[in-house]
Amino acid sequence: MDFKGKKALVTGAAGGIGSAIARALKAKGAQVAVADRDVSGIDAAAHLPGDLCDPTYADALPGAAKDALGGLDIIFNNAGVITRGPVTETTDDDWALSLGVNVEAPFRICRAAIPIMAAAGGGAIVNTASCWGLRPGGNHALYCMTKAAIASLTQCMGMDHAHQGIRINAICPNEVNTPMLRTGFAKRGFDPDTAIAELGRTVPLGRIAEAEDIADVALFLASDAARYMCGALVEINGGKPVL
Ligand code: NAD
């Protein structure tokens, strides 16, 4: 996979999977614009900090990346938040945050990016859904619903914009060793290393994913090697699908 000369925007670039995507892109020759609430420590061609729950910021992000990099070929809509619990324990704030970051922001970013990419002859967008967007998961109703929404949006946009040379696909990871998973264990009183080792024993490959395992598949979908893929939902699960 060669990304020389490609200009890419990565959201959630300060997090586990986002930082792995940004590093891998840079290593393969891309110019990368990183977006997150705090991007100050990240080595990148452009820094676009902000809150994805701010519609003005999300709407403007593709244009800002294009202006900063001199073009925009690829977007990774990777930022996400997880809300635990059944709907009876879900607050209005949980609803607004989960929908805002996991669904509304990628919708806004895609809506703004598609005309930019179409005018330049095409592009690729990779959204981050989840195995929990494909099938239900216990005690995470809101999270699963938002990931199902971005999965569906990806399939629809993949059909609608292929004729413009824009390929839109999604990755659907199962458990990944990132701050999202680790802080979840810590909040529930578990030692993250022990919990992750135990979880790894439930995966046929013998371990849960590292961020780099996910980044490699995301880059594949953005690359010319995936040139005939549009609207695909690619599960990355080490042999452990959510049942
Ligand atoms: P992470 O918590 O390490 O990274 C998420 C990043 O998103 C953070 O840097 C955070 O600051 C950013 N973000 C959240 N809300 C934001 C906002 N309002 N504005 C700007 N940035 C914001 O988690 P991760 O595991 O790297 O998650 C990346 C993606 O992968 C998410 O969409 C997540 O739902 C998905 N995912 C993760 C797992 C897992 O097990 N870790 C599994 C399946 C899918």
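Bear in mind that the values in this text are calculations on the coordinates, not laboratory data. Bear in mind the structure is a predicted one, so any value in this text is a computation, not a measurement. Cβ atoms come from the backbone with ideal geometry, glycine included; neighbour counts cover every protein chain shown.
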**Message:** Could you work out [θ]222 nm for the chain from helices alone, using -39500 (n - 2.57) per DSSP H run of at least four and dividing by all its residues? Round to the nearest 500 deg cm²/dmol.
**Reply:** -13000 deg cm²/dmol
**Message:** Bins of 10 Å, beginning at zero and ending with the bin holding the largest distance: percent of Cα pairs per bin for segment 114-165, please.
**Reply:** 25, 39, 24, 11, 1
**Asked** Beyond 25 Å, what percent of the Cα pairs of the chain remain?
**Response** 37
**Prompt:** Got the relative contact order for the chain handy, in percent, Cα pairs under 8 Å and 6 or more residues apart?
**Reply:** 21
**Ile125 long-range amide H proximity, modeled H, under 5 Å** = Ile75, Arg167, Ile168, Asn169
**Fill in**
Rounded to the nearest whole number, the per residue volume of the convex hull around the C-alpha atoms of segment 202-243 in Å³ is 81
**Prompt:** What are the lysines whose alpha-carbon lies under 29 Å from the alpha-carbon of Lys6, with same-chain residues fewer than 8 places away excluded?
**Reply:** Lys26, Lys28, Lys66, Lys147
**Asked** After finding the eigenvalues of the alpha carbon gyration tensor for segment 113-243, what semi-axes result from the square roots of 5 times each, listed largest first in whole Å?
**Response** 31, 15, 12
**Prompt:** List the trypsin sites (Lys or Arg not before Pro) in segment 154-233 that DSSP assigns to loop (not H, G, I, E or B) and whose Cβ has at most 13 other Cβ atoms within 10 Å. Which are they?
**Reply:** Arg188, Arg201, Arg227
**Message:** Can I get the semi-axes of segment 1-140's equivalent ellipsoid? Compute them from the C-alpha gyration tensor as square roots of 5 times the eigenvalues, in angstrom, largest first.
**Reply:** 27, 16, 14
**Asked** What's the exposure ranking of Leu52, Leu233, Leu205, Leu97, going from fewest to most Cβ atoms within 10 Å?
**Response** Leu205, Leu97, Leu233, Leu52
**Karplus-derived HN-Hα couplings along segment 61-77 (A = 6.51, B = -1.76, C = 1.60, θ = phi - 60°), whole Hz, x at Gly and Pro** = 4, x, x, 5, 5, 4, 5, 6, 9, x, x, 8, 9, 9, 10, 10, 7
**Item:** Nitroxide proxy distance, nm - points 7 Å out along Cα→Cβ at Ala197 and Lys28
**Value:** 3.3
**Asked** Residue-wise, which Karplus ³J(HN,Hα) couplings in Hz belong to segment 19-26, taking 6.51 cos²θ - 1.76 cosθ + 1.60, θ = phi - 60°, and x for glycine or proline?
**Response** 5, 5, 5, 4, 5, 5, 4, 4
**Complete:** Taking a crude spin-label model, label points 7 Å out from Cα along the C-beta direction, the Met1 to Phe190 distance in nm is 2.9
**Message:** Can you tell me what percent of all Cα-Cα pairs in segment 64-123 are more than 14 Å apart?
**Reply:** 63
